[in-house]
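So the structure is just underneath, and the comments pick up after that.
The values are calculated or read from the model by the stated rules, or taken from the named source; none is laboratory data. Since the model is a prediction, treat every value here as computed from it, not as a measurement. Heads up, the Cβs are rebuilt from the backbone with ideal geometry, glycines too, and the neighbour counts pull from every protein chain shown.
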Amino acid sequence: MSITAPAIAHPAFAPGTVWLAGAGPGDPSLLTLAALHALQTADVILHDALVAPEILALAPVTTRLIPTGKRAGGAQTPQLAINAELIALAQQNLRVLRLKGGDPFIFGRGGEECLALAAASISYRVIPGISAGIGATTAAMLPITHRGLARSVLFATGETGPTGPQVDFASLAHAADTLVLYMARNTIGSIAASLIAAGRNPADPVAFLLDATTPRQKIIHTTLAEAGPRAADLGTEATLIIIGPVVSLSALLTPAAQLPIPVTRAQEA
């Protein structure tokens, strides 16, 4: 006997409103159904550079796509300009989708955009997404917690501001067994030095997870002591950095795993 799945009732995407949606770590199959609905309903999509092209391809050809890149070392769209454009497009009575890699509220500046929309009396909705720190690491067979190795995990940004690093990594050296760093490719050398100076093991395994869950995915394994030099050889790929003993499990878990994306590994320096 066949079973018919019940239809999912999505909320109406009304003209003149803004939806903020998380696009997940990259693989289109990891989009939520709500995010897919938004993609296929929006009149205009403002998307970050980290949103995979395979996801943008799911939008109708009539949808206007506006890149709002923020990738380190690449094009930078000021946040205030993004806020203003969201408001202006909504005031044109369009269905406006702000599409972000991962989750809008995890290093995505979604809170800032919601504050701007609220101040302008623009109605908005937030659609959660699978954050890269959870989804990408799991898909790549990099467990961030594991009994006996890691009972705690810490997520932090390595992004720097006008006055230097915004996170005191020396104080976080022993705050968690596993450290997951977003936007830290260009600063991992100084971060690693701070962690080691504060007592973190220089031999701690480190993984650079590049373009996670996409056909371009690659994992580079190294140690905390060598993380800075290895990062200098990377390109402009979206990069997540995982630090801690659990990284060593990847080599044991990968061979027999049914992986959506084959894992390309580069050996330790």
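Numbers at a glance
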| quantity | calculated |
| --- | --- |
| Odd one out for residue 155 among (1) in contact (Cβ under 8 Å) with a residue 40 or more places away in the chain; (2) under 23 Å from residue 252 (Cβ atoms) | (2) |
| The stretch 169-197 residues that are over 12 Å from residue 240 (Cα atoms) and touching a residue at least 12 places away in the same chain (Cβ under 8 Å), paired with ones that are part of a helix (DSSP H, G or I) and polar (S, T, N, Q) (beta carbon under 6 Å, 6 or more apart) | 169/194; 170/194 |
| Of all residues in the stretch 33-46 being out of contact with any helix residue (DSSP H, G or I) (no Cβ under 9 Å at 6 or more places or on another chain) and surrounded by fewer than 18 Cβ atoms within 10 Å (Cβ to Cβ), the one that is nearest to residue 136 (Cα to Cα) | 33 |
| Condition broken by residue 146, with the remaining ones in (1) within 18 Å of residue 50 (Cα to Cα); (2) out of contact with any His (no Cβ under 9 Å at 6 or more places or on another chain) satisfied | (1) |
| Subset of the stretch 223-247 that is surrounded by 22 or more Cβ atoms within 10 Å (Cβ to Cβ) and over 19 Å from residue 138 (Cβ atoms) - its residue that is modelled with the lowest pLDDT | 231 |
| Scan of the stretch 83-129 for residues that are among the aromatic types (Phe, Trp, Tyr) and modelled with pLDDT of 95 or more, ordered by number | 105, 124 |
| Of all residues in the stretch 2-31 being hydroxyl-bearing (Ser, Thr, Tyr) and modelled with pLDDT under 95, the one that is surrounded by the most Cβ atoms within 10 Å (Cβ to Cβ) | 29 |
